[in-house]
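Q: Pasting a structure here, questions to come.
The values are calculated or read from the model by the stated rules, or taken from the named source; none is laboratory data. Please read these numbers as outputs of a predicted model, since none were measured by experiment. Note that we place each Cβ from the backbone using ideal geometry, even for glycine, and neighbour counts take in every protein chain shown.
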Amino acid sequence: MQPDLRELAELSLQIARDYFGFSPFVTSSYRSWESQTRLWKARERELECRQRTGKADCGIQSYPVNRPGDSAHNFGLAFDSTVEPQHQYLWDVIREVCGFRVPQNDRIHAELPNWRSFVSRTPG
């Protein structure tokens, strides 16, 4: 992660632990274009399987994923984390108070608001 955002992410983790007694688990932060491409392709396979079979879950991947270059992770401007369900709402609030945007359709994700205005969409 970008250094300033890393500090804010660490602050949010500390607040959750020290003041509210739960420990979020960080699952992802910076992702290379190759890693994002793998996740994107897995998500495409999942959606194709659902459409083809009518199953709600094909067991490939269940989280939203942006295309490579259209993910804040590619630029070190986001992190993903999980918590027990009873802590999810509070965890969303903590991350937002610390300056992150938490999309309602992807609550494991926290990103710099308006991150696209700060980056170039080319690899590297």
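Q: Would you mention how many residues in segment 47-91 are within 19 Å of Ser117 (Cα to Cα) and hydroxyl-bearing (Ser, Thr, Tyr)? Give the steps one after another, and end with the answer.
A: Narrowing segment 47-91 to residues within 19 Å of Ser117 (Cα to Cα): 66-79.
Within this subset, residues satisfying the condition of being hydroxyl-bearing (Ser, Thr, Tyr) are 71.
Count: 1.
Q: Taking the residues in segment 93-124 that are of a type in the set (Gly, Ala, Ser) and in a loop (DSSP other than H, G, I, E, B) as candidates, determine which candidate is modelled with the lowest pLDDT.
A: Gly124
Table: residues versus (1) closer than 22 Å to Ala9 by Cβ; (2) surrounded by 16 or more Cβ atoms within 10 Å (Cβ to Cβ).
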residue: Leu47; (1), (2): no, no
residue: Asn66; (1), (2): yes, yes
residue: Thr82; (1), (2): yes, no
residue: His109; (1), (2): yes, yes
residue: Pro113; (1), (2): yes, no
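Q: I've got another one for you. Tell me which residues, restricted to segment 88-124, are more than 17 Å from the chain's Cα centre (by Cα) and touching a residue at least 24 places away in the same chain (Cβ under 8 Å). Full working, then the answer.
A: First pass over segment 88-124, keeping only residues more than 17 Å from the chain's Cα centre (by Cα): 117-124.
Residues satisfying the conditions are Phe118, Val119, Arg121, Thr122, Pro123.
Q: Given (1) touching a residue at least 24 places away in the same chain (Cβ under 8 Å); (2) in contact with a helix residue (DSSP H, G or I) (Cβ under 7 Å, 6 or more places away or on another chain), identify the lone condition not met by Phe25.
A: Every listed condition holds for Phe25 apart from (2).
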